[in-house]
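Report on the following structure.
The values are calculated or read from the model by the stated rules, or taken from the named source; none is laboratory data. Not measured: the values here are computed from a predicted model. Don't worry about glycine lacking a Cβ; one is built from the backbone with ideal geometry, like all the others, and counts go over all protein chains shown.
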Amino acid sequence: MENSEVDRLTQLLSDAQDIIKHQNSELTGLLESKSQELEEILGNIDQIIWYIDSKTLSIQYVNHAIGAVFGFTKEDFLADPTLWQQRIHQDDRLLVRSFFETLVPGASQEIRFRIHRVNGEICWLNSRVYHNEKLDLFVGITSDITQSKLQSEEIAFLAYYDPLTMLANRSKLKLQLHSRLDHSPLVPFSLIYIDLDNFKNINDTMGHEIGDQILIEVTRRLRELFHDDQLLSRFGGDEFVVILNNSDSVYISDFCTQIGQIFKAPFTINDVPFFLSSSLGISMYPEDARNCEDLIKHADTAMHEAKKNGKNQFVYYHSSMQRAIHNFLHVESLIRDGLKHDFFTLYFQPLVNASSLTLQGFEALMRLPHPTEGYISPDTFISVAEKNGDILHIGHIVLTQACDFIEMLQLQYQDPFYIAINISAKQLHQVDFAQELLNYLKQRSIDPSYLKVELTESAVMDNIEIASRQLHTLKEGGIHIALDDFGTGYSSFAYLAQLPISTLKIDKSFIDTVCEVDSHSHIVKAISNLAHVLGMSVTAEGIETQEQFNFLVENRIDTLQGYLLSKPITKEEILHNLTSLIPFFLPKKALSYSI
């Protein structure tokens with residue numbers, strides 16, 4: 001081959017090498033550029049991107065996100081490829097190693113484990129890992145799930161524990177009871193239902209923050225009484241339920257006494273002492289019930305019996321209590337039926353002037369004639385309505401029907417008789433009760449003097465401040481006020497002098513035996529004399545005999561009421577006979593006619 005040809009080939013080879021070098025340089029630059037772009041992309045991802053050797057588990061690559069989670073830099077991990085293993089929580093190291101040893105090639109799986117940050121804090125991680133068999137690598141994406149894990153744990157905690165007191169809650173209690181009944185059905189135990197007396201008053205007057213602090217202190221004192229194998233739970237509000245691993249009544253009574261003792265010392269919050277007591281109800285397994293729901297229900301029933309008996313005591317459940325509840329619920333259903341279908345109606349019993357025997361007015365008495373159950377006694381339904389709150393609705397019906405009757409009387413008489421209506425304690429304690437009553441009379445254009453309200457001693461004395469405020473508003477509005485069933489409660493003439501009461505009604509229990517029991521006759525005389533000194537009139541109710549009538553007239557009783565004079569009758573009967581009404585009520589004829 002000629003030299004010129006060799007030179008030409010050499011030149012071509014050199015040119016080719018230059019081209020290859022140039023292309024390699026371009027490719028290298030491109031790869032470096034793409035690598036930088038990829039690194040920049042991976043560096044801005046919050047999740048940790050990594051791959052490790054499938055045999056040694058030493059780290060081969062990781063992005064910068066690892067620094068925010070572990071507290072070490074990316075360079076720290078690349079310099080020490082086993083650093084990440086050293087940071088795994090000791091209790092999770094076997095879990096992690098087993099995970100990688102059993103990861104199937106070509107498969108992708110998740111694992112959750114804990115690590116220690118550089119500052120010692122524990123962090124929860126979630127990793128999705130792929131086994132690349134060709135490259136002998138485990139490739140993974142890891143996320144910090146600490147917050148979501150804590151939230152999940154908090155949610156799980158709140159599902160079974162009360163966040164204020166840290167006690168087991170209602171769900172935990174029932175879970176524990178079900179477990180006990182399933183696994184140890186032959187082992188007897190007892191359930192104690194604790195309710196704080198009058199705690200609602202503290203919440204209403206002082207606010208829930210003070211109430212919460214008291215609940216925390218109650219919990220602290222209760223905890224001191226309990227063993228680890230006994231469950232103390234906050235059932236809700238101011239109610240606590242205890243599972244006691246004992247069915248011996250002597251032990252239980254002693255334990256309940258100890259619970260009562262923790263309330264002897266006041267609960268001092270912000271230097272203010274609060275005095276509380278508790279009512280306890282006890283049910284026994286298996287004597288009282290054999291399932292969770294009935295055990296709780298019966299203990300609750302016994303607790304309410306303790307409250308009814310005066311509070312600050314403990315009561316054992318008895319089956320008779322359940323019968324009382326069934327009766328209560330039955331009467332309650334009749335009340336609701338009566339309210340729904342307008343069965344409630346007023347009867348009116350005449351109030352007669354003792355001196356002239358002329359008609360002064362009528363007391364409105366609510367009746368519940370049920371179409372299928374017959375006549376429901378007021379003694380039966382009033383107490384139930386007081387407890388369940390229906391008395392407020394019934395009270396409005398009384399006012400409405402009484403005003404209807406006043407309007408009917410106004411059509412026949414320019415100056416009609418007054419109507420006395422009974423007001424319950426719940427009505428009296430409604431914030432705007434007095435003003436709303438006056439507004440209702442004004443709305444119907446009824447003179448307030450045609451209406452008298454009657455209240456029992458207990459209703460007034462239950463909260464003398466509220467009662468005084470309401471009664472003064474009524475008095476200023478022109479309504480007369482009578483204190484009913486006087487002599488059976490605990491009011492004093494000192495209080496009576498401060499209240500705008502115009503009439504005292506002597507309780508029927510004194511009238512029944514006024515001619516047979518000297519002490520009762522003395523009481524009636526004393527009430528009459530002192531009431532007149534205070535400028536009040538006196539009414540005697542429940543008069544049934546001529547002897548009672550004579551005694552009351554002789555002792556200056558102002559107004560008479562009772563079956564001797566007239567039974568309670570309907571407004572239709574009154575209106576039908578009103579024009580021919582005998583102006584004088586003669587006792588000897590009273591049982592032979594009705595107005």
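A few points about this structure:
- Per this entry, Asp288 is counted among residues that are part of a loop (DSSP other than H, G, I, E, B), outside the structural domain of Ala425 (by TED's automatic domain parsing) and either at pLDDT 95 or above or under 30 Å from Arg180 (Cα atoms) (or both).
- Just so you know, in segment 417-432 the residues that are of a type in the set (A, V, I, L, M, F, W, C) and within 13 Å of Gln360 (Cα to Cα) include one that is modelled with the lowest pLDDT, and it is Phe417.
- Residue pairs meeting the criteria (Cβ under 7 Å; at least 6 apart or on separate chains; first surrounded by fewer than 14 Cβ atoms within 10 Å (Cβ to Cβ), in segment 224-237; second basic (Lys, Arg)): Gly236/Arg170
- Only one of the listed residues (Ile501, Ile511, Ile481) is modelled with pLDDT of 90 or more and part of a helix (DSSP H, G or I). That residue is Ile511.
- Candidate set: segment 354-383, residues that are over 37 Å from the mean Cα position of the chain (by Cα), surrounded by 16 or more Cβ atoms within 10 Å (Cβ to Cβ) and not hydrophobic (A, V, I, L, M, F, W, C); chosen: the one farthest from Leu451 (Cα to Cα): Gln360
- The listed residues are Asn203, Asn246, and the only one of them that is part of a loop (DSSP other than H, G, I, E, B), assigned by TED's automatic domain parsing to the domain that holds Lys297 and without any contact (Cβ under 8 Å) to a residue 60 or more places away in the chain turns out to be Asn246.
- Among the residues examined, Asp300 qualifies as assigned by TED's automatic domain parsing to the domain that holds Leu181, among the charged types (D, E, K, R) and in contact with a Phe, Trp or Tyr (Cβ under 7 Å, 6 or more places away or on another chain).
- Residue check, Gln414 modelled with pLDDT of 95 or more, more than 19 Å from Thr559 (Cα to Cα) and surrounded by fewer than 22 Cβ atoms within 10 Å (Cβ to Cβ): no
- Some residue of segment 267-282 being crowded, with 18+ Cβ neighbours inside 10 Å, assigned by TED's automatic domain parsing to the domain that holds Asn245 and of a type in the set (D, E, K, R): no
- Flag if Arg180 is touching a strand residue (DSSP E or B) at 6+ places or on another chain (Cβ under 9 Å) and over 30 Å from Asn291 (Cα atoms): no
- Candidate set: segment 534-556, residues that are hydrophobic (A, V, I, L, M, F, W, C), over 15 Å from Asp512 (Cβ atoms) and touching a helix residue (DSSP H, G or I) at 6+ places or on another chain (Cβ under 9 Å); chosen: the one surrounded by the most Cβ atoms within 10 Å (Cβ to Cβ): Val538
- Residue under evaluation Met206, criteria (1) within 27 Å of Val272 (Cα to Cα); (2) among the aliphatic types (A, V, I, L, M); (3) over 18 Å from the mean Cα position of the chain (by Cα), criterion not met: (3)
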